[in-house]
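One structure is given below, encoded as structure tokens.
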Amino acid sequence: MNNFFMRVEQKTGVDFEEIMALANAISHANFQDERQVRKIVRKVGRLAKRDVTKEMEDRIVASILQNGEQLDMSAIERMMK
């Protein structure tokens with residue numbers, strides 16, 4: 001297992017397989033598809049053990065769709081804090 005993922009797992013308490021499933025979902029996601037973006041935002045919130053209100057989800061999704069932003073590991077890490 002990669003040291004980076006081990007540190008993330010230790011820091012967040014998120015299982016390695018869940019991290020890899022999220023990374024896989026992100027790498028294959030169409031960030032112009034609102035349903036896919038919402039699913040990823042919810043999954044990140046769940047993994048981070050954070051309540052993502054409907055309003056917050058709407059803002060994040062709108063930002064990603066409007067700006068065409070792609071999520072990378074640093075963006076995920078910021079969302080998990």
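The values are calculated or read from the model by the stated rules, or taken from the named source; none is laboratory data. What you see is a predicted model; the values in this text were computed from it and never measured. When we count neighbours, we look across all protein chains shown, and the Cβ atoms used for this are built from the backbone with ideal geometry, even at glycine. In case anyone asks, the SASA skips ligands and DNA or RNA and just uses the protein heavy atoms, side chains included. Shrake-Rupley method; radii C 1.70, N 1.55, O 1.52, S 1.80 Å.
If the chain between Glu9 and Ser63 were fully stretched, how many nm would it gain, using 0.36 nm times the residue separation less the Cα-Cα distance?
Values: separation 54, 0.36 × 54 = 19.44 nm, distance 2.75 nm.
Working it through step by step, the gained length comes to 16.7 nm.
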Fill in the blank from the handout: Rounded to whole Å², per residue accessible area for segment 1-58 with a 1.4 Å probe reads 71 Å²
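Order the peptides 27-35, 40-48, 8-16 from the highest to the lowest mean number of other Cβ atoms within 10 Å of their residues.
On the way: 27-35: 11.4, 40-48: 17.9, 8-16: 13.4.
The packing order, highest mean first, is 40-48, 8-16, 27-35.
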Handout entry: Distance (nanometres) between label positions extended 7 Å along Cα→Cβ at Ala29 and Asn2
Key = 1.7 nm
